[in-house]
């Protein structure tokens, strides 16, 4: 089974896009729109390009996008192909649920499931953006926007004029506040993420860790109020550990250094394997997890401006799909604007991008929030019912391991953003505004 490579056609007309924010989503959009024949000005507030964080998971829908944009081979060069997703019990590591990835996702969804260091992923995208001629401006923090004239003014007084403005400026989006006409701050979710790195060569000194490093799986431990995720990066040389737990940071602190001793203390009565593992941590930090509230619209009422990625639908990381949603946004935007025939269609196509993306991204946000409650159950009757559902084979709709739930899995991994853009364009030309929906997604129809 091969990975689809959609042709990104040159648009009949050429526009100038101003993209605010050079994260994974913003750079992906810049590549796609440039391949579609448009001029792209990519504005980044930071003084240099880069990504904060460690590991990231790339599911099949993003793989299809990266392949079509000509960047997949470079991403794969630094990636790990995990075999399975394993869900384990918190106190003894017993296996509760397993979902195969290799060869399953390629055979069923025409795409791999990858792990890669976030910095390597971003570097591959930036290299491709430069190769195709994206114009990158650093230190360009947006101060104001003239929506009617499509003019962006930065804090150092520079002015950028285009035809379309795309905000990919993250959960603390300045564009979002300007579109709403009021400050719209991110809110605290009550969650905290520890991110830690371990040298795999150190793990090899401990026989009890061999089952972890000898096979590149994704391992989860679900437990009371917390969970742990472990997977591998950089050709298997680095073990990436993520812990999601209740937020204990002071109210005025978003990011802080952390120590392995904190984690050893927090997980003292968990699976002893974790204590051995955490003792090998060589670097760690902790981040408060914040979100933005769902918006009525992502598109300016009259101006040619839209916000995408975390600026419009930030999500908790429980489904490992936040970055993928931003990349999917980029592909739909690219697919529509590769077909634009006249400038009078600009605002229509921005609204159509929103219509094709909003419901899906909202389900990912809501699904991730629901997973917080599923993963962090206290032991008891509800937890026993959850575990019994996961042990049922084959998995059924409503399986608490959402990656194994056959319906939710198909929703999450079976999506093709370029096909959606084509469907949207075809319906648009017939006078209809297409919307993406997935019927009967949940066991409980009320969700």
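The values are calculated or read from the model by the stated rules, or taken from the named source; none is laboratory data. All values derive from a computational prediction rather than experimental measurement. Note that we place each Cβ from the backbone using ideal geometry, even for glycine, and neighbour counts take in every protein chain shown.
Of note:
- Scope segment 393-440; condition under 20 Å from the mean Cα position of the chain (by Cα) and part of a loop (DSSP other than H, G, I, E, B); matching residues: 401, 402, 403, 404, 405, 414, 415, 416, 436, 437, 438
- Subset of segment 164-183 (residues that are buried (at least 18 other Cβ atoms within 10 Å of the Cβ) and either assigned by TED's automatic domain parsing to the domain that holds residue 273 or assigned to a loop (DSSP other than H, G, I, E, B) (or both)): 168, 169, 170, 171, 173
- Only one entry in 121, 109, 113 is touching a helix residue (DSSP H, G or I) at 6+ places or on another chain (Cβ under 9 Å) and closer than 30 Å to residue 162 by Cβ, namely 121.
- Scanning segment 193-219 for residues that are in a helix (DSSP H, G or I) and under 27 Å from the mean Cα position of the chain (by Cα) gives 200, 212, 213.
- Hits in segment 267-283 - residues which are closer than 14 Å to residue 245 by Cβ and in contact with a strand residue (DSSP E or B) (Cβ under 7 Å, 6 or more places away or on another chain): 270, 274
- Residue within segment 9-25 that is under 17 Å from the mean Cα position of the chain (by Cα), closer than 20 Å to residue 335 by Cβ and modelled with pLDDT of 95 or more present: yes
- Flag: residue 111 matches the condition of being part of a loop (DSSP other than H, G, I, E, B), within 22 Å of the chain's Cα centre (by Cα) and at pLDDT 95 or above.
Condition check ((1) in a strand (DSSP E or B); (2) in the same structural domain as residue 329 (by TED's automatic domain parsing); (3) over 23 Å from the mean Cα position of the chain (by Cα)) across all residues:
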{"position": "91", "(1), (2), (3)": "no, yes, yes"}
{"position": "107", "(1), (2), (3)": "no, yes, no"}
{"position": "115", "(1), (2), (3)": "yes, yes, no"}
{"position": "128", "(1), (2), (3)": "no, yes, no"}
{"position": "157", "(1), (2), (3)": "no, yes, yes"}
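- Hey, residue 277 modelled with pLDDT of 95 or more, surrounded by 17 or more Cβ atoms within 10 Å (Cβ to Cβ) and part of a helix (DSSP H, G or I) or not: yes
- All positions within segment 130-151 that are within 17 Å of residue 19 (Cβ to Cβ) and part of a loop (DSSP other than H, G, I, E, B): 133, 134, 138, 139, 140, 141, 147, 150
- Among residues of segment 289-314 being in a strand (DSSP E or B) and at pLDDT 95 or above, the one that is surrounded by the most Cβ atoms within 10 Å (Cβ to Cβ) is 307.
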